[in-house]
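These notes concern the structure reproduced below.
The values are calculated or read from the model by the stated rules, or taken from the named source; none is laboratory data. Note that the structure is predicted; figures quoted are calculated from it, not measured. Note that each Cβ is placed from the backbone with ideal geometry, even for glycine, and that neighbours are counted across all protein chains shown.
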Amino acid sequence: MTSTLPPPERAGLARARISARTLRTDRWWVAPLLTTLGLTAFLVYGLVRALQQDHYWAADHGYLTPFYSPCIAAQCAPEAAHFGRLPFEFPWWLPYAAISLPFLLLFRFTCYYYRKAYYRSIWQAPTACAVREPHKRYTGESRFPMIGQNLHRYFFYIALVISVVNTYDAVLALFHGEQGGFGIGLGNLVLLGNVVLLWCYTLSCHSCRHVFGGRVNSFGRSPVRYWLWTQITRLNTRHMTFAWITLATLVITDLYVALVASGTVSDPRIFN
Amino acid sequence: MSETTRHNYDVVVIGAGGAGLRAAIEARQQGRKTAIISKSLFGKAHTVMAEGGAAAALGNVNSSDSWQVHFRDTIRGGKFMNDPRMAELHAKEAPERILELEHWGALFDRTRDGRISQRNFGGHEYPRLAHVGDRTGLELIRTLQQRVVQLQQADAAELGHPEAMLRVFAETTVTELLTDASGRIAGAFGYVRETGEFVVFEAPAVVLATGGIGKSFKVTSNSWEYTGDGHALALRAGATLINMEFVQFHPTGMVWPPSVKGILVTESVRGDGGVLRNSEGERFMFGYVPDVFRNQYAETEEEADGWYADPANHRRPPELLPRDEVARAINNEVKEGRGSPHGGVFLDVSTRMPAEEIMRRLPSMHHQFKELADVDITAGPMEVGPTCHYVMGGVEVDADTGAARVPGLFAAGEVAGGMHGSNRLGGNSLSDLLVFGRRCGIGAARYLDGLAGERPAPAAADVERLAEEVAAPLRRDTGENPYQLHQELQQTMNDLVGIIRRGPEMEQALESLEKLRERVASVRAEGGTAYNPGWHLALDLRNMLAVSEAIARAALTREESRGGHTRDDFPAMSPQWRRTVLAARLAGDRVELERRPLDAMRPDLLALFDREELSKYLTEEELPPAEGADTASKEEK
Amino acid sequence: MTKRTFNVWRGDGGAGALAAYEVEVNEGEVVLDVLHRLQATQAPDLAVRWNCKAGKCGSCSMEINGRPRLACMARMSTFAPDEAVTVTPMRTFPVIRDLVCDVSYNYQKAREIPSFTPPPDAKPGDFRMRQADVQRMQEFRKCIECFLCQNVCHVIRDHEENKESFSGPRFLMRVAELEMHPEDTADRRAIAQDEFGLGYCNITKCCTEVCPENIKITDNALIPLKERVADRKYDPLVWLGSRIGLRKGADTPLPPNTRTTTATPEQ
């Protein structure tokens, strides 16, 4: 004890004892349920595809799925490996894009939006607002391992680089026309759309907002950073939307490439 | 019944609104052990309802502004009934007080060059109101609250305990001031709302900062706390109240739905371009510019609209007349059948500026109408009507120190009288409470210096008697419901001593009050002592009655119309009455009035007005010699 | 005018129960109006804390059908016509009586935050700040201190034991506000994490959801503060810099003697 202050709350008083977990009358459990289903579906699909080690490269049109980018295993199709290959073959349990996938996963795992999503749905801390959580103790992100969430910004830096790689993939795919040279098919639009949305998600990140302007105290004296902060803030208010949209576009893009690569569908051409 | 705790302080401040906090901060800065007593939680004061801003002649937006111009506007607004010394101190010191707030962390809206921005307001010649959107009062309270915390932190570091020198007693009501045998202040008696436990504060100096009396009226913008406690405490301690007949009805309160009737619609709506229209779509204010203001207000819509962008070459729109004029005009429109469906008039910003700008300039108004009335003010007009807002009258105090006529008693803010004359200008209350809050803190400290360590002692018998009185309503087995009595009181005041007054009605009001007094004396509160609102109201009723009587009696006596006092039977302003201040005091349990002369304005201040204007207010003998005044006024213009 | 069923929690010291009332409701009314009618007609000693009845003072915080809200802003028209309305006190704070809670926890936490610290040589009137500079903080200063965010935050709502080490969204937002002030010279980032428990926040946004002023507490205050704390505490370059004495300025400590018990920092 350092002082003789009265206790913060008057002795003898207690909280209202209300046994119900919540008195909410709305369907508060719907949102966490949908979140759980959505995240699980993506993870299952992603795991299956990452381990499939096939149908990732539509050679005719130069479409490389983002799940295999950059393709660095020795088994990779040589034209698909835009950044070279490692001299050894990957075992079945190691995805060809082992250099990027873990970081992308960590970027999303430590993302301020996804944190909210899975803390609420999977971890149930809390399941919904004003609904009692099932845990006996709670320390949040104050100690190991969850204190690691503070590393989000470093995964953001890496995600920036990977976004460049994905963009490079999508741009290269534009030069696989039927007659050689520049050409556009439906797949190109899918790849480009995916890349644009990935940029939106990556740049709307809260760490990005901080790094490019949020950390400045006097906006008046840093007009450029203020402008950047304003623009990122506009994106940032839609961070959740982008988080879900990009999960969907990643799956769509990958599925499309897989279908074309396996010859199940053919890529409709728009130009050349 | 519960036991009584005792506390010893140098200065006890009753009220934790802007004036109370500023007084307490100053008393503590003067090295005095200070208690702040608040009926509500710390930081919830009625000051948060002030929206528009704090008037101070900083000259940030228009450099022609000066304290003299602010003084002149204040006097004009108050129809020359203001205490000239108070108005002078206020105009001179307001800028310092605002800058000091900024230094304590307040975040006012800014000009392009990074200084405090100022906005236009009714009755102010230049943009003068330092503001934060439309929630300036909240910013002021929060800043003062955080300043209190800062001082407590300093005390904790130095003396080992944050409450060593400055302590807030939240949710505590004072029911009586204690005096010693010679009539000097010796402390205060009250109860803790949470527990019903009685408390005695022994203190040689008490600062009243309890705000106003609005809860005596039915339609009011005031919260439940505004039961005239300070006014009544002062009366019962032997002090006098002046100008009680002047009650300001804010022209724009919400009128629909019934549950929010009276809630304030800030004057900034008009300051930022909002216009008033009647059911025929007419901007009716052009027909209500009184002669005394004829020269300063626009006569056509074009001229009025031009003023917002180019105030130098246009006269002001009549929507920005002082509040009493606008309130009367609205009242008249409604009476003559040109009102809106729910008995108000239309206040419209939606056709005056783009939705985005409305959202930026008036966010809390947008929020308020959306949430409470389901009206989108960016898409359609609001319905507004007059609501009881502010009492100009209050404890008669010395301008420089805030000292009342009872030694050891001080008053600041709305509970003090004189500063605003017969009508307060919008924006002058926030600066008033800063300026005079501080002066009261200093005044109390100087008074303690004068006592040189002597401490007036309250009589022990008093404390016992007071405890009995306070507990009485809980012990009665029969008696009326306090809520019912309160409603009747409000209805009486609203109907009979409201915005337009008539002699016979006020006589009737006094009779009704007399009967109510007997019923209140035997009011019964059910339940126990812990946080019992029925009991609290039963105790507050006594204060509301005393204040209501003072208002009704003064209003009946003053046979003229001026500012916040409009007599149907005496519609004109009388220069003779201007010289007379009505002071209420308690004789037994009845309110009596004394007449005293209003202080004359110093010649240098009088010279700020031209003779023609003065002649509308002053008697012939008070007017300055013809030539001298004329040239002075020419230079001024 | 219609009749409604109101279930109001009544009691004190934790013991209490819902009491059912049938009460009149008129057009345009809010829950607080109905509670006032209960006081005037059926339950004169029903304890309710309120002041302005206009959503500006933040006194009438309670839980209405399980949702933390201001009673003065909860319009009756938003409930289904036959829906019973259940009104309980805030769960996170001890009950004084009926719907009134002891919220002194909040005032205690407010007192622990180092105050605004202008440069020592600055005088009143010296500040030159742009609208852009103050706008970010002005959002936080809209706070009416209704403490609904404090009430809904599961960190203390569901774990009383965390009250010691967690200041709650309202006061972490206050820290963020001071940290963003262009004229402030203190550095509260270290104590934000170690003393005010920013790390307990798992940004699940219930504070933002219940804020009657629509302040984006999580996105605009808590997350930026987490990022600033990361600058200070979880940035390898800063860590290296402080090792070799490059870092300027010092961490502002907790103001002395403002806490009931000694702080128990994690290291």
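Things to note:
- On the stretch given as segment B:469-506, residues that are outside any loop (DSSP other than H, G, I, E, B) and under 30 Å from B:Arg328 (Cβ atoms) total 16.
- Elements of the type strands (runs of 3 or more DSSP E) sitting completely within segment B:234-353 and holding at least 3 residues that are within 14 Å of chain C (Cβ to nearest Cβ) and within 25 Å of the chain's Cα centre (by Cα): these cover B:247-254.
- A count restricted to segment B:72-118 and to residues that are of a type in the set (S, T, N, Q), touching a helix residue (DSSP H, G or I) at 6+ places or on another chain (Cβ under 6 Å) and part of a loop (DSSP other than H, G, I, E, B) stands at 1.
- Screening B:Asp155, B:Asp109 for residues that are within 8 Å of another protein chain (Cβ to nearest Cβ) and surrounded by fewer than 24 Cβ atoms within 10 Å (Cβ to Cβ) leaves exactly one candidate, B:Asp109.
- The conditions of being over 25 Å from A:Ser100 (Cβ atoms) and among the basic types (Lys, Arg) are met by A:Arg215.
- Filter result for B:Thr175 (surrounded by fewer than 24 Cβ atoms within 10 Å (Cβ to Cβ) and polar (S, T, N, Q)): yes
- Within segment C:1-21, residues that are more than 26 Å from C:Ser77 (Cβ to Cβ) and in contact (Cβ under 8 Å) with a residue 40 or more places away in the chain have Cβ atoms under 7 Å from residues that are part of a strand (DSSP E or B) and among the aromatic types (Phe, Trp, Tyr) in these pairs: C:Gly16/C:Trp9, counting only partners at least 6 apart in sequence or on another chain.
- Conditions (1) acidic (Asp, Glu); (2) free of Cβ contacts under 8 Å to residues at least 24 places away in the same chain; (3) more than 27 Å from C:Leu38 (Cβ to Cβ); number of the one not met by C:Asp82: (3)
- Residue in segment B:53-71 that is crowded, with 24+ Cβ neighbours inside 10 Å, in a loop (DSSP other than H, G, I, E, B) and not aliphatic (A, V, I, L, M) present: yes
- Every condition in (1) free of Cβ contacts under 8 Å to residues at least 24 places away in the same chain; (2) over 30 Å from C:Cys206 (Cβ atoms); (3) small (Gly, Ala, Ser) holds for A:Ala50 except the one numbered (1).
- When the criteria are applied in full, B:Ala584 fails the requirement of being away from chain C (no Cβ under 14 Å) and farther than 24 Å from B:Ala87 by Cα.
- Selection count, segment C:89-106, where residues are more than 8 Å from chain A (Cβ to nearest Cβ) and within 19 Å of C:Val175 (Cα to Cα): 1
- Meets criteria (outside the structural domain of B:Leu144 (by TED's automatic domain parsing) and not in a strand (DSSP E or B)) for B:Lys39: no
- Residue under evaluation B:Val520, criteria (1) in contact with a strand residue (DSSP E or B) (Cβ under 8 Å, 6 or more places away or on another chain); (2) assigned to a helix (DSSP H, G or I), criterion not met: (1)
- Scanning segment A:23-58 for residues that are of a type in the set (Gly, Ala, Ser) and in a helix (DSSP H, G or I) gives A:Ala31, A:Gly38, A:Ala41, A:Gly46, A:Ala50.
- Screening the candidates C:Leu172, C:Leu148, C:Leu178, C:Leu222 for the property of being modelled with pLDDT of 95 or more, outside the structural domain of C:Gly55 (by TED's automatic domain parsing), touching a helix residue (DSSP H, G or I) at 6+ places or on another chain (Cβ under 9 Å) and more than 29 Å from C:Ala74 (Cα to Cα) yields one hit, C:Leu178.
- Within the option set B:Gly137, B:Gly183, B:Gly212, being buried (at least 24 other Cβ atoms within 10 Å of the Cβ) and in a loop (DSSP other than H, G, I, E, B) holds for one residue only, B:Gly212.
- Output for segment B:386-430, where each listed residue is of a type in the set (Gly, Ala, Ser) and part of a loop (DSSP other than H, G, I, E, B): B:Gly393, B:Ala399, B:Gly402, B:Ala404, B:Gly408, B:Ala412, B:Gly417, B:Gly418, B:Gly421, B:Ser422, B:Gly426, B:Gly427
- In the set (1) outside any helix (DSSP H, G or I); (2) among the aliphatic types (A, V, I, L, M); (3) buried (at least 23 other Cβ atoms within 10 Å of the Cβ), the condition left unmet by B:Ala550 is number (1).
- Consider segment C:185-206 and keep the residues that are at the interface with chain A (Cβ under 8 Å from one of its Cβ atoms) and outside any helix (DSSP H, G or I). The one that is farthest from A:Arg143 (Cα to Cα) is C:Lys205.
- When the residues of segment C:25-62 are filtered to those that are buried (at least 22 other Cβ atoms within 10 Å of the Cβ) and hydroxyl-bearing (Ser, Thr, Tyr), the one that is farthest from the other protein chains (Cβ to nearest Cβ) is C:Ser61.
- Consider segment B:40-61 and keep the residues that are in contact with a strand residue (DSSP E or B) (Cβ under 8 Å, 6 or more places away or on another chain) and farther than 18 Å from B:Leu433 by Cα. The one that is farthest from the other protein chains (Cβ to nearest Cβ) is B:Val61.
- Test: B:Gly453 is under 30 Å from B:Asp180 (Cα atoms) and modelled with pLDDT under 95: yes
- Residue ID - nearest to C:Asn106 (Cα to Cα), chosen from residues in segment B:127-142 that are more than 9 Å from chain C (Cβ to nearest Cβ) and among the β-branched types (Val, Ile, Thr): B:Ile141
- The set of residues from segment C:207-243 being polar (S, T, N, Q), more than 9 Å from chain A (Cβ to nearest Cβ) and within 13 Å of the chain's Cα centre (by Cα) comprises C:Thr208, C:Asn214.
- Restricting attention to segment C:124-173, the residues that are among the β-branched types (Val, Ile, Thr), part of a helix (DSSP H, G or I) and more than 8 Å from chain A (Cβ to nearest Cβ) total 2.
- Residue among A:Arg115, A:Arg108 that alone is within 20 Å of A:Thr167 (Cα to Cα), modelled with pLDDT of 95 or more and not in a loop (DSSP other than H, G, I, E, B): A:Arg108
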